[in-house]
Amino acid sequence: MWGYEVKADRMTGLVAGVDVGGTFTDLVIFDPESGAVRLAKVPTTLENQAFGVLAALDQAGADLAHVDLIVHGTTTTTNAVLERKLARTGLITTEGFRDVLELGRRTRPQPYGMTGRFTPVIPRDLRLEVPERMDARGRVLTALDEAAVARAVSALRDAGCESLVIHFLHSYANPAHELRAAEIAASLWPNRYITCGHALLSESREYERGVTAAVNAAVQPLLERYVGRLADELKAKGYARDLLVMNGNGGMVSSRAVAREAVKTVMSGPASGVMAAVYTGRRAGINNLITYDMGGTSTDVAMIRAGRAPVSNEIEVEYAMPIHVPMVDVRTVGAGGGSIARVDQGGMLRVGPESAGSNPGPICYGRGGLRPTISDANILLGRLSPERFGHALDQVRAAYADQIGAPLGLGAERAAEAVLTLGNIHMAGAIRMVSISVGADPRDFALFAFGGAGPLHACALARELSIPRVLIPARPGITNALGCVVADLRHDFVRTLNRPLDGADMDAVAAIFAGQETEGRRLIADEGIVVTDVRAEYSVDMQFIGQTHLLRVPLPDGRPTRDALQQAFERAYFERFKVELATIRPALVNLNLSVIGRRPEIDLTRLIDPAGRRGAVTDAQTGVRQVWFGGWVDTPVYWRDHLPGDARLVGPAIIEQMDTTIVIEPGDRMETDGEGNLIVTVGG
Amino acid sequence: MTMLDPITLAVIQAGLQQVCDEMDLSFSRAAFSPVIAEADDRSDGIYSAEDGSLIAQGSRGLPVFVGTMQFSTRHIIERIASGVTKAPAPGDIYIVNDPYLGGTHLMDVRFAMPFYRSGEIFCWLSNTGHWPDTGGAVPGGFSASAISAEQEGLRLPPVKLFKAGVMDEELWQVICSNIRVSEQRIGDVKAQASALLVGAARLSSILDRYGDATVIAAIAEMRGLAARQMTANLRLIAEGQYKATAIVDSDGVVNEPLTIALTVTRAAGRLTFDFAGSSPPCMGPMNSVRATTFSAVYLAMRHIFPDVPMSAGAFEPFTITGIEGTFLDAHYPRPVSGCAAEVSQRIAEAVFAALVVALPDRVTAAPAGTSGNFGLGGHDPEKGRDYVMYQISGGGYGGNADHDGLANGCSTIGISKAPPVEIMEQNFPVLYRRYALHEGSGGAGMHRGGFGLDYEIELLRGQARASFVMDHGRVGPQGALGGQDGAVNCVEVIRDGQILVPDHLSKAQDIPLSPGDRVRVRTPGGGGYGDSALRDRALVAEDVRLGRYSAADAARLFPEPKPLA
């Protein structure tokens, strides 16, 4: 089943992925020997996520002594940043620049409306300055005042700071002052929570580098305490191995090392979903995918090309909160199931951006929501089972009839249909914007639908985008947990050169790549986790001289010639922008290297128990219900787990399973692919 | 006319909006110049074939361009009708930057492309991009001492830069011979033109899908809906008159303040903006042109009611009057480089100040409202080359009903990020001594104004000349509903140990600097909102603890409320 040879003692045990989401904690356990799969879903315990993790392991009946590997995706740091529940953190910075972290780069949260609020990660009284200064080339203009550093460190320690950031101007060009200040600090600071600005991101831009360092410091103690506690609990229950934690770059890292670069775990949840999509797509032979994860309040989208997760160094987790380390490029594109529909004062139908959130939530949650949402439209139109989800169907119908239908002169059902149509148009538009921004055409992709609500809308959305195929994995609702299990070991390196290509020293480029690759391979070997192969992915960031935005150019190896770079850049530029600028010279800005250790293959076909599959599609049918497709249509309803391994059908159809509901629109053709996925050919 | 169902209408509206958003994004992504690529100083839209009125505009365009291109498009249509401008053919793209033909300043270069269906012009696609230079007396075009349009740069009437899809190389050579760093502009021209082609392709697919007649009906209906929605919003304003003034420090040449006098009248379901009594046209470059003045009112109203779709209908309930004979309606050859960046923000401030009384929950006290343009030009001996540096900066926003103003927010008319200090120091022979909060600058109020920026730059090498086009040096951004004004903008040149303050406070041209000389700029704080005695005492104490105000200033600005008798 595993298809490779490894030391037996490492591979007899179980492999578990556990992901803590906003509402649920999901678990998937694979048994490589028997091929068996166990799943669990329990409510997330916000105060201490570890309780939910343990409850999930409990529910799955896992004997931790037989578990070989637990990979954990956590939102501990994400929540801490968004809610500013951070460790008390102090900053020591260049004289004259303590307010950089508060001033930002002069923006407001939205183009229109002259309001906005911003809370800096470190408050002003904990931001101290010391005399020191480098110029842009890393030459010392003002020597470091070491006594001032010692005074500042002591003052911040005495002010109760737990973490410390040392962030000096131009430290990317010469880190000497930061390193010396850190040395002084280490002798006075009661713990290891000291972050230097250049250490995570050796790149110019003082605000972005400073925020990245500050977030790292401010979540470091929280993350270390959390994973430490969880590791102890797991150990007490018999788990003898290292706990691994998902990083935002789509790789996993040992819980013992994760806190050092804690900022990399911000956005780890969305990253694991994308890694699951990459893996599932590769097994299914579909390597260009748009991931579509629709939840209650928002929808995440990522574009996977050539089987590679998209990675960006420039993620902004919220307004004015840039985290500049390599992370999987997942974009939040707005609407979710809770998006509210209304008719505006001019008489125009609107969907979103207001959301009912999870409290009170849509009307159908029965928690006091009064305004019609996308989820309510799905209930009203029979797309979601009124028995399973509709606590207040009459109320939903009345809301649609009164609030949407009456002003538009439509019945409740037509009103709800209009809301879904418009919601899909907005979503399609947002996805088109994401694809344009990376220079891609959605029609060249398949749509990978997951999350609780993704499969409800995927087929209609694909039609709107002229996307030919939809892939619905076996367990859309636990995709993030699956991502934890199938992710790679990964280490990313970025080195800024910023030279005209004409003058770049290509031997030095090759030497930098070679050094990084050696370091990456060493780090992976040190982790002691089984990998089947280790490979390096090279790319450079380039631009025409005079430009500010960068274009990433993948390279086949780490020894490019100048001509090869010139040609690869021109080709990539034309592909992206459809513009040739033959007379302008390019610059070589960054060298990027990712060293990736691929973990053993995992068989996904058992995610749905083969024993439960029936012999014929008709045997999987649980009933017929009326679903609105421009009018009421008697629509067969199937139970996903009962569908035969070679099922085929033509929409309309509803396919239900524990973790989601799938709508196959009329005329769409659905088949299973042997990997446990459903492949829908849209409008076929 | 085809009868439209509400679903099709909403879907077509979203589709046309999407066409514009995709043009915006394509333009920025492919543009060469950082002004467009990074600062998004551009806009794209769809305009009617009959009169150029706005059908839809990209939501990511720079706010100053709200509605502007309908004026330039109308001029093109009229000039074609009268034979002044050559008639269009498929694949043609006109270029125009004439401020007096529905423009802003010369640096905002518009492209306009007729979009054909069945051999007829169906509509126009147009976009504006801020070019880094269009010639003239000073690099970048912001000459604070220009007294005629010729000194501000090359002025292009609408002429075809592309004919049947092919660029006119001869015209292009004429343009290149008149602008600085021309070799890089081809990157922007190609991006600007290809954005229009992206829009044309998307628009075609919408027309193919829904049918031309249906889309035409939807456009008419959208316009009516936007008008109804804006009219409904205006009901929130009590009938009556609301007056305000806003002051421009000077025109840069004659050192006297310019006054914007505004009376807003809400009556008969409409809102009238009467600027009668404003100062006459000025000698220096702080004149505005009609299109920019109208757009400034539109953008202020859009800040107040951001929900109304951008369509000509949204502006229908407005009457703008009284600008004839004032500096808000300048004619050739009055210089206008300050209209888009500064005067437009003063107009918006007047609108805010007038309406905050009527809409206290929606309108804020005055924001800093200046783009803070500081230009430095000189020779860097280390790199052996000339340079032109621009530092733009933010300021404090006004307090509002809900909270304090944002610190260091971007200009009212912009959405751009300021450049990082490290990038500036890499590219230019300067050293920043400070980049800090302008302490004490937030206007006192129940909700205080946000703080401005306080930065100081030292020249390291070579000789250089400094120029400033800023505002709010005379009076700070206005407080509202009992709140106090924010701090004024301060420019200081520290030369040979002497502190020089420009005569015009916020504007100066070509001040010589030698190595070691410094420039310090403190940008305005936002106006305060509500009586400062009503401010939560804990918040007053917090601001003092964080050093945002000195204890003495805080005691003076935020007096303890008097106990009730």
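Assorted remarks:
- Stretchable slack from A:Asn359 to A:Glu146, in nm (0.36 nm times residue separation minus alpha-carbon distance): 71.4 nm
- Partners for B:Lys163 among lysines (Cα-Cα distance below 25 Å; same-chain residues under 8 apart left out): A:Lys578, B:Lys86, B:Lys190
- More than 20 Å apart - percent of Cα-Cα pairs taken over region B:1-70: 38
- Here the calculated FRET efficiency for A:Ser34 and A:Ala236, from their Cβ-Cβ distance with R0 = 22 Å, stands at 0.25, rounded to the nearest 0.05.
- Angle between chain A longest axis and helix A:146-158 axis [Cα atoms, degrees, rounded to 10]: 40
- Separation of alpha-carbon centers, region A:87-130 and region A:447-476, rounded to whole Å: 41
- For chain B, the membrane-span-like helix rule (DSSP H, alpha carbon extent of at least 27 Å along the helix axis, mean Kyte-Doolittle at least -0.5) picks out B:6-30, B:185-210, B:212-234; this says nothing about an actual membrane.
- The distance from the alpha carbon centre of region B:281-331 to that of region B:477-491 is 23 Å, rounded to a whole number.
- A Cα-only calculation for region A:534-594 places Rg and Dmax at 11.5, 40 Å.
- Entries in B:Lys417/B:Lys507; A:Lys41/A:Lys235; A:Lys85/A:Lys237; B:Lys243/B:Lys562 that, when Cα-Cα distance is taken, lie over 26 Å: A:Lys85/A:Lys237; B:Lys243/B:Lys562
- Over the C-alpha atoms of region A:279-395, the Rg to Rh ratio, Rh being the Kirkwood estimate, stands at 1.09.
- Quarter of Cα convex hull surface for region B:6-228, i.e. mean projection, nm²: 12.3
- Normalised alpha carbon radius of gyration of region A:583-668 [divisor 2.2 N^0.38 Å]: 1.86
- Here A:Arg585 and A:Glu183 are evaluated by their C-beta separation; at R0 = 51 Å the FRET efficiency comes out at 0.80.
- Nearest-ten-degree value, helix A:562-577 long axis tilted from longest Cα axis of chain A: 40
- Percent of Cα-Cα distances greater than 31 Å, calculated over region B:364-565: 24
- Using only Cα coordinates, the Kirkwood hydrodynamic radius of region B:71-186 works out to 14.8 Å.
- Radius ratio Rg over Rh of the protein assembly as shown, counting only Cα atoms, Kirkwood formula for Rh: 0.96
- Here region B:281-300 is scanned for amide nitrogen atoms under 13 Å from the site 7 Å beyond the Cα of B:Val254 along Cα-to-Cβ, giving B:281-287.
- Highest-first arrangement of B:468-481, B:489-502, where packing means the average Cβ count within 10 Å: B:468-481, B:489-502
- Over chain B: Rg over Rh, Cα atoms, Kirkwood Rh: 0.98
- As a proxy for reagent exposure, ranking A:Phe118, B:Phe275 by other Cβ atoms within 10 Å from fewest up yields A:Phe118, B:Phe275.
- Cα-based helix-to-principal-axis angle, A:176-188 vs chain A, degrees rounded to 10: 80
- Sparse-neighbourhood loop sites, chymotrypsin sites (Phe, Trp or Tyr not before Pro) in region A:601-684 - DSSP loop, at most 15 other Cβ within 10 angstrom: none
- Once the Cβ-Cβ distance of B:Ile423 and A:Lys578 is raised to the sixth power relative to R0 = 30 Å, the FRET efficiency obtained is 0.60.
- The calculated P(r) of chain A, using every Cα pair and 20 Å bins from 0, goes 17, 49, 30, 4, 0 in percent.
- With the charge dipole of region B:6-228 set up from +1 on Lys and Arg Cβ and -1 on Asp and Glu Cβ about the Cα centre, the Cα lying farthest toward the positive end among the listed residues B:Tyr47, B:Leu25, B:Ile219 is that of B:Ile219.
- Peptide A:334-347 has a mean shielding of 3, counted as Cβ atoms of other protein chains within 10 Å of each residue's Cβ.
- Positive dipole terminus of region B:294-363, leading residue within B:Pro309, B:Ala340, B:Leu359 (C-beta point charges): B:Ala340
- Relative frequency of Cα-Cα separations exceeding 22 Å in region A:444-532, percent: 59
No value in this document is a laboratory result; all are computed from the given coordinates. Worth saying up front: this structure is predicted, and the values here are computed from it rather than measured. A quick note on method: Cβ atoms are made from the backbone with ideal geometry, for glycine too, and the neighbour counts reach across all protein chains shown.
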